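The structure appears right after this line, and notes come after that.
The values are calculated or read from the model by the stated rules, or taken from the named source; none is laboratory data. Every value quoted in this text rests on a predicted model; they were computed, and no experiment measured them. Using ideal geometry, Cβ is built from the backbone for each residue, glycine included, and neighbour counts are taken over all protein chains shown.
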Amino acid sequence: MSKIALSTSHLSGHELSYIQDAFQRNEVSVYGANLVQFENDLEDYLGENTKVACTISGTAAIHLALILAGVIQHDEVICQSMTYVASANPILYQGAIPVFVGSETHTWNMCPDALEIAIKDRISKGKIPKAIIVVHSYGMPAQIDKIAKLAKQYNIILIEDAAEALGSEYKGRKCGTFGDFAVISFNSNKIITTAGGGAIICKSEEMKQKAIFLATQAREKVPYYLHSEIGYNYRMNNIAAGIGRAQMNVLQNYIKKRRENHDFYTKLFKNIEGTEVLKETSTDYFSNHWLTCVLINKEKAAHSSEELRTALQNENIESRPLWKPLHLHPMYATFDFYGEKVGENIFNTGLCLPSGSNLTTQEKERITQVIAAFLA
């Protein structure tokens, strides 16, 4: 049987024309028309006076955001615990100290109440957090208005990790436009891809140009090589940006297809006791449903998420457990955590289901048959 993947690249068929244009112009480095236009396209799409600088990865973009936020060694950065490790690793790159905050049940993202408790406790200990990293996991917007309000109240830089949330909205406003900085990812499994890559979203042209400066080894504008501060090889190349330009033309269609996948799974599990598909809790939320996720209560459903994952795997259908909260990983176990066991419970009972925008009708039928047989 052919493999049904969790989420794979979905090429539009028009990428080669942009790549060939780069070859014809001999623009195959980190400069060129594709890169400029791709950033312009993203700025137009996001609105809210955003400025975008493209990078080699979402992780690189988070690292640049921390640098631009002024995070240095021994500073504390509050970070959502239930997320991919790339959200937190750049904190350690800077020699800073992560402080983890747990999830709430509506969005599975950072709990605003736990965040405020964490902020107050750190301040009481004489440690004012330098930045907050909030994540829109699986494309579901966090309670970003409450989190942004707390960041402003306590004068803390807010960084949105919208790696999985391009096209998602909160109260009609695009994710990635609420924070002082934000990042998106164009990894091969994301809504759109540049065969790897990411972007940092800034509030000013000055910050955008600073990000580009740092991403191109911080070379000063003089005829010879002069470097007055540490730079990085983080800039996206012009060929990858060409892929991104083609992908931007199909972004809305791919979001539509992912949301249709979510509807498919919602109907599939609708009458199955003990199962719950992650969904928007009100019209304030619009998720791109990058991945559709389900929680399974073994006591009520008579089966576990791991048993379902194994059944799917036996039929060459890929699914995956949810993010294990970072404060439960060995490398982060010694850092402080604020919150309840919401993220831990979600990890223990949850499963990500095949959600690619190129998921076919026949593949959905096969998934339906396997899950129906398993439940029976």
Scanning segment 199-251 for residues that are touching a Ser or Thr at 6+ places or on another chain (Cβ under 7 Å) and surrounded by fewer than 20 Cβ atoms within 10 Å (Cβ to Cβ), the one farthest from residue 19 (Cα to Cα) turns out to be 220
Of 61, 114, 86, the only residue that is in contact with a helix residue (DSSP H, G or I) (Cβ under 6 Å, 6 or more places away or on another chain), small (Gly, Ala, Ser), at pLDDT 95 or above and not in a strand (DSSP E or B) is 86
| request: Would you confirm whether any residue within segment 66-83 is in contact with a strand residue (DSSP E or B) (Cβ under 9 Å, 6 or more places away or on another chain), in contact (Cβ under 8 Å) with a residue 60 or more places away in the chain and in a helix (DSSP H, G or I)? | output: yes
Checking the structure you have, find out if any residue of segment 263-280 is under 30 Å from residue 375 (Cβ atoms), surrounded by fewer than 18 Cβ atoms within 10 Å (Cβ to Cβ) and polar (S, T, N, Q).
yes
Only one of 212, 230, 243 is outside any helix (DSSP H, G or I) and either over 30 Å from residue 322 (Cα atoms) or modelled with pLDDT of 95 or more (or both), namely 230
Turns out the helices (runs of 4 or more DSSP H) fully within segment 273-370 with at least 2 residues that are under 25 Å from residue 86 (Cα atoms) are 305-314, 342-349
Taking first residues from segment 22-40 that are over 23 Å from residue 202 (Cα atoms) and second residues anywhere that are small (Gly, Ala, Ser), the pairs with Cβ under 7 Å that are 6 or more apart or on different chains are 22/32; 22/242; 25/32; 25/33; 27/33; 28/22
Reported set for segment 15-70 where residues are at positive phi and not polar (S, T, N, Q) is 32, 47, 48, 70
Here the residues within segment 348-365 that are surrounded by fewer than 19 Cβ atoms within 10 Å (Cβ to Cβ) and over 19 Å from residue 273 (Cα atoms) are 358, 360, 361, 362, 363, 364, 365
Taking segment 220-262 and the residues there that are among the small types (Gly, Ala, Ser) and touching a Leu at 6+ places or on another chain (Cβ under 6 Å), the one that is nearest to residue 36 (Cα to Cα) would be 241
inquiry  = Residue under question is residue 52, and the condition is that it be touching a Lys or Arg at 6+ places or on another chain (Cβ under 8 Å), within 21 Å of residue 231 (Cα to Cα) and part of a loop (DSSP other than H, G, I, E, B); does it hold?
reply    = no
_On the basis of being under 25 Å from the mean Cα position of the chain (by Cα) and either closer than 18 Å to residue 183 by Cβ or buried (at least 23 other Cβ atoms within 10 Å of the Cβ) (or both), does residue 56 make the cut?_
yes
Has segment 89-96 got at least one residue that is in contact (Cβ under 8 Å) with a residue 40 or more places away in the chain, surrounded by 16 or more Cβ atoms within 10 Å (Cβ to Cβ) and assigned to a loop (DSSP other than H, G, I, E, B)? no
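Say whether the condition of being of a type in the set (Phe, Trp, Tyr) and buried (at least 19 other Cβ atoms within 10 Å of the Cβ) is met by at least one residue in segment 180-192.
yes
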When (1) surrounded by 24 or more Cβ atoms within 10 Å (Cβ to Cβ); (2) part of a helix (DSSP H, G or I) are applied to residue 160, the one that fails is (2)
Residues of segment 130-147 being on the phi < 0 side of the Ramachandran plot, out of contact with any Pro (no Cβ under 9 Å at 6 or more places or on another chain) and crowded, with 22+ Cβ neighbours inside 10 Å, in sequence order, are 131, 132, 134, 135, 136, 137, 140, 141, 144
Residue set 326, 312; condition closer than 26 Å to residue 263 by Cβ, touching a residue at least 12 places away in the same chain (Cβ under 8 Å) and not basic (Lys, Arg); output residue 312
Note on segment 1-41: residues over 27 Å from residue 318 (Cα atoms), in a loop (DSSP other than H, G, I, E, B) and of a type outside the set (Ser, Thr, Tyr) are 14, 26, 27, 28, 30, 32
